[in-house]
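Trainee: So that we are looking at the same thing, I have put the structure below in C-alpha cells.
The values are calculated or read from the model by the stated rules, or taken from the named source; none is laboratory data. Fair warning: this is a prediction, and the values are worked out from it, not measured in the lab. Cβ sites come from the backbone with ideal geometry, for glycine too, and all protein chains shown count toward neighbours.
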Amino acid sequence: MWRTLFVAALLVLSGCATHAPGTEADADRSATHRALTPEETPDRPNPWGEGELTVAINNTANESREFRPLVSDALDFWASNSTRFAGFSLNYELVPNASNPDIVVEFVESIESCANVSDPAGCAPYVTAGGQVSRPVSIEVVGSYDNSSTLLILKHELGHTLGLNHSAEPQSVMAPTSQLRTLPRPNATERDLPWTDANFSVYLDAARTDDPEETREQVRRALDYYADGANGTVPENASFSFTENRSAADVVVAFTEDLPCRTGDSGSCGRVRGNDPDGDGALERYDHLRVTLSDIDTAAVGWHVGYWLGYGFGFEEDPDWPAPFRNATYEDRREAWWK
C-alpha cells in the first residue's frame, strides 16, 4: 500500500517468522538411527517397554489457557499412528495432574536451551532405546502459539519420544522446520516502540549528493530530534549511531536517481521490514527501515529523513507525526524545523 505526501510515499513489506518445532539433537545420530519407513517398522521394539503411557500437563506459560484438548488430540494422533510410523503400538492415558507420569508436557514461556537450536518452539528427548527412558520424560512447548501450531509442535515432540528423527515420516509432522503462528499480538503500529530495542545503527549513503558533509549534518539533526523524544511522540531512550556496515544497519538512508516507490518524480519514500508471527498480515516488530531520497535539496534532506523516521516509529495517520511534519510547506521543510 502506498501513501503519498506530495513527493513522498511509503511501502510496507510483510514478513513471516519460521520457527523450528523440535531439536537437532538427533542430527549426529542419523547414521545409526535412520528414518523409519512403514516397511521397516514391524520388528522395531518399543523403547518404553509397555503399551500405555500416562501423560501429565504442567502449564506455567498461560494459566488462563486450556491446553488439555490439544494434548489429547496429539496423543490420539500417535495412538492411531504409532504402529505405522514408529513400528510399535502405543496408547496414552492423559491425567493432567498425575503424580507418577511417564511423560510431562511442560507449557513454558520460552525454552532456554535445546541442543543449540535457536529459538525452538518445542523440545523433547530422542528416545530410541529403553535405557534412554528416565521417567518422567519432559516435553517443553512454548505456550504462545495458536492452536493449530501448538498441536503441530506437540505431535512433533511426541514423535521424538517414539524415536522418530527429522527425516522420519510423516514429514508433515516430523520435518525440522515449520511455519508457525503465534496467538494474536499487538501490531508494530500499536506499540510505543515497534522495534525490539531503541538503539539504532544508521548507514548513510551520501556519496551521491552534492554536499556530503551538509547532508550528513541534515541527517544528524533528524536523528537527534528523535533521540530527544520528537516532542514527546516517541520513547526518550532512543539512540542512533552511524555505521559503515550497510548490511547490518537498522536504518539505511540512500540517495538514488529513481525512487523505488514511484516514477517520474523527485521526493522520498520509506519502507519497513519486520516479522508477522501471528500471521494477521501486519508486522508486529520492525527490524529494518530504508529511506530513499531522489533529487531533494540538501536543505530539505533532514526533514524528509525525519518524516520517515516517524514512519519507522509506527506513525500511520498525519496527526501521529510531530508538528514539524504535519502540513509542512516547501519553506517549512528547508527551515530549522528541528528547533
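Condition check ((1) in contact with a Cys (Cβ under 7 Å, 6 or more places away or on another chain); (2) closer than 21 Å to HIS288 by Cα; (3) surrounded by 13 or more Cβ atoms within 10 Å (Cβ to Cβ)) across all residues:
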| residue | (1), (2), (3) |
| --- | --- |
| ASP192 | no, yes, no |
| VAL202 | no, yes, yes |
| ASP210 | no, no, no |
| ALA227 | no, yes, yes |
| VAL234 | no, yes, yes |
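Trainee: In the stretch 192-233, how many are assigned to a loop (DSSP other than H, G, I, E, B), under 23 Å from the mean Cα position of the chain (by Cα) and among the aliphatic types (A, V, I, L, M)?
Mentor: 2
Trainee: GLU317 fails exactly one of the following numbered conditions: (1) under 21 Å from ASN187 (Cα atoms); (2) among the charged types (D, E, K, R); (3) at pLDDT 95 or above. What is the number of that condition?
Mentor: Among (1) under 21 Å from ASN187 (Cα atoms); (2) among the charged types (D, E, K, R); (3) at pLDDT 95 or above, the lone unmet condition for GLU317 is (3).
Trainee: Here is a follow-up. Can you tell which of ASN147, ASN97, ASN81 is of a type outside the set (Asp, Glu), surrounded by fewer than 20 Cβ atoms within 10 Å (Cβ to Cβ), under 15 Å from GLY51 (Cα atoms) and modelled with pLDDT of 95 or more?
Mentor: Just one listed residue meets the conditions, ASN81.
Trainee: Need pairs with beta-carbon distance below 8 Å; first residue surrounded by fewer than 16 Cβ atoms within 10 Å (Cβ to Cβ) and charged (D, E, K, R) and within the stretch 161-190, second modelled with pLDDT of 95 or more and not in a helix (DSSP H, G or I); sequence gap 6+ or separate chains.
Mentor: GLU190/GLY314
Trainee: Looking at GLY312, is it touching a residue at least 60 places away in the same chain (Cβ under 8 Å), closer than 22 Å to ALA254 by Cβ, touching a helix residue (DSSP H, G or I) at 6+ places or on another chain (Cβ under 8 Å) and buried (at least 21 other Cβ atoms within 10 Å of the Cβ)?
Mentor: The answer is no for GLY312.
Trainee: Since ASP295 meets every condition but one in (1) of a type outside the set (Ser, Thr, Tyr); (2) closer than 30 Å to SER148 by Cα; (3) surrounded by fewer than 16 Cβ atoms within 10 Å (Cβ to Cβ), which condition does it not meet?
Mentor: It fails just one condition, (2).
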